[in-house]
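FYI, it's all coordinate maths here, none of it is from the lab. Quick caveat: nothing in here was measured; it's all calculated off a predicted structure. Here the Cβ is made from the backbone with ideal geometry for all residues, glycine too, and neighbour counts use every protein chain on show.
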Amino acid sequence: MPRVAVKSVADAGRKFPREFALLHQLGGTDKDVDSEALLKGAPVYGDAAAVKSLVEGKDSIEFEQLAKAFAKKSQSASVEGPEGNCLGWAARDGSGTLAPYKFSRRQLQPNDVMIKITHAGMCHSDLHTIKGDWGPAKYPVVPGHEIVGIVTDIGSSVKKFKPGDRAGVGVFVQSCRECGMCKAGEDIFCPKLVYTYNATQYDGSPAQGGYSTHVVVDETHSFTIPTNLDLAGVAPLLCAGITTFSPYKDHGLDKAGLKIGVVGLGGLGHMAVKFGVAFGCEVYVISRSKAKEAEAKAMGAKAIIPSGDEAAMKEAAGTLNGIIDTVSAKHDVNALLALLAPRGRMVVVGLPPDMPTINHFAVVQRNLVYSGSSIGNLHTTQQMLDFCGEKGITADVEVIDMEYVNTAMERMKEGDVKFRFVIDINKSLAL
Ligand code: NAP
Ligand code: ZN
Ligand code: ZN
């Protein structure tokens with residue numbers, strides 16, 4: 001790889017966070033960068049001609065010139081509202097329509113990391129929240145809890161990260177670290193848990209999510225990201241990944257040879273398939289139709305069982321050791337329970353606003369376990385990311401610009417996504 005030396009400026013991450021993040025995102029370090037990767041990234045993120053003339057035939061370049069060639073015009077000047085150090089897209093009411101919104105992230109505290117967001121995944125929970133499916137939201141809401149980016153600055157006590165490192169943030173940004181749950185590594189059950197958006201942080205400020213330029217978070221609630229994985233494909237691991245990895249681990253379903261059903265082949269579902277296959281399970285996808293069979297098989301699933309096909313559901317009855325149900329809307333849960341073998345376990349992760357009554361005779365008479373699972377703990381999230389690094393697992397993504405987000409929400413509602421929308425923040429949003 002032809003590498004060009006970078007003459008870095010002091011505090012580059014603080015002065016030019018977007019361009020500093022781009023340098024690292026495109027395969028560079030503070031000292032040098034792969035010139036081919038820079039040229040490849042130039043048409044997407046910067047001025048292609050300027051980057052070309054900067055790099056071609058050179059052994060070294062000045063970071064400041066590089067920053068200029070990749071500079072993006074600020075979009076915040078035209079945004080109404082209070083002054084702020086962060087630009088996001090927020091929903092203002094139950095219509096769920098997202099539009100630019102300026103707000104402030106807190107000043108860096110000793111244990112905080114400042115992450116320039118490069119990519120944000122779009123989870124169906126973002127849609128449920130901004131539409132008020134689960135009750136009125138704390139508008140304005142900047143959604144997004146599948147966040148990846150590059151660290152641009154660190155507080156004085158931070159140990160885990162240095163500027164230039166990749167970092168991720170998931171579904172919660174604060175837990176007290178003092179209660180029994182936190183001490184037991186069960187932070188997800190901390191009574192003082194603060195979700196990444198639609199919540200209030202300990203300092204009283206609203207928590208706002210990753211459809212924004214940057215985030216400030218305590219290092220305990222951010223994760224290191226394997227360097228061999230594509231950042232866009234990593235973003236969905238921070239929610240879809242951990243939410244489907246945890247049930248395998250917590251319920252002992254991560255054993256080779258077990259027959260696992262994954263219900264709903266969306267963002268969560270396709271990650272559940274990939275994990276099941278990586279654990280050596282025999283994975284079946286229960287989908288509304290056979291339309292996604294080719295994709296399911298390409299991920300390693302054995303077959304699709306179409307939930308609307310009575311004969312196919314009857315044939316599969318009593319065969320599965322475990323089911324992970326990721327469906328986002330009301331559906332026939334009793335038909336799914338019938339697929340389990342005796343002592344089979346069904347773990348529900350989908351959060352439809354309404355669900356039918358469970359046939360408890362079916363559960364009791366065949367010793368079934370019907371349970372739920374919420375996201376996953378901090379240490380399990382890091383374990384999952386490291387596992388993905390070892391196995392080369394990422395999400396299948398459709399990368400979009402920020403301007404497309406409302407259309408993407410509509411498409412997600414209709415189930416028209418393969419299999420996760422990811423917003424290229426560094427390309428399409430600049431403070
Ligand atoms: P998604 O990408 O939209 O996928 C949902 C899938 O559900 C669809 O692809 C579709 O699969 C199926 N589906 C949709 N409407 C349906 C209907 N009316 N009947 C039957 N199946 C239907 O959503 P996601 O981001 O994976 O999220 C899924 C659910 O998990 C959401 O409710 C979300 O809020 C929840 N969630 C929970 C947690 C947690 O901690 N437990 C974390 C994240 C998300 P097919 O087309 O294959 O049928
Ligand atoms: Zn989510
Ligand atoms: Zn706690």
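Observations, loosely collected:
- Spacing of the two label points (7 Å from each Cα toward its C-beta) at residue 44 and residue 355, in nm: 3.8
- Other residues lying with their Cβ under 13 Å from the Cβ of residue 201 contribute a combined charge of +1, Lys and Arg counting +1, Asp and Glu -1.
- Most simply put, the chain has about 55% antiparallel DSSP beta bridges, counting only bridges with both residues inside it.
- Simple spin-label estimate for residue 407 and residue 78 in nanometres, 7 Å along Cα-Cβ: 1.7
- Neighbour net charge for residue 95 - beta-carbon separation under 15 angstrom, K R +1, D E -1: -1
- Calculated FRET efficiency, residue 104 to residue 289, Cβ-Cβ distance, R0 = 45 Å: about 0.45 to the nearest 0.05.
- Measuring how big the chain is from its alpha-carbon positions, Rg and Dmax come out at 22.3, 75 Å.
- Within straight-line cross-link reach of residue 330, lysines at Cα separation under 17 Å, skipping those fewer than 8 residues along the same chain: 131, 413
- Shape of the stretch 259-349, Cα gyration tensor, a/c cut at 1.5: rounded
- Per-pair calculated FRET efficiency, R0 = 22 Å: residue 220 and residue 162 via Cβ, rounded to 0.05: 0.85
- Förster-model FRET efficiency, 35 Å R0, residue 71 and residue 192, C-beta, rounded to 0.05: 0.30
- Rg of the Cα atoms in the stretch 213-370, relative to 2.2 N^0.38 Å, amounts to 1.09.
- For the pair residue 341 and residue 11, label points projected 7 Å from Cα toward Cβ lie 6.4 nm apart.
- Mean separation of Cα pairs under 8 Å and 6 or more residues apart, divided by the residue count, gives the stretch 298-431 a relative contact order of 16 percent.
- Summarising the overall dimensions of the stretch 103-214 from its C-alpha atoms, the Rg and Dmax are 14.3, 41 angstrom.
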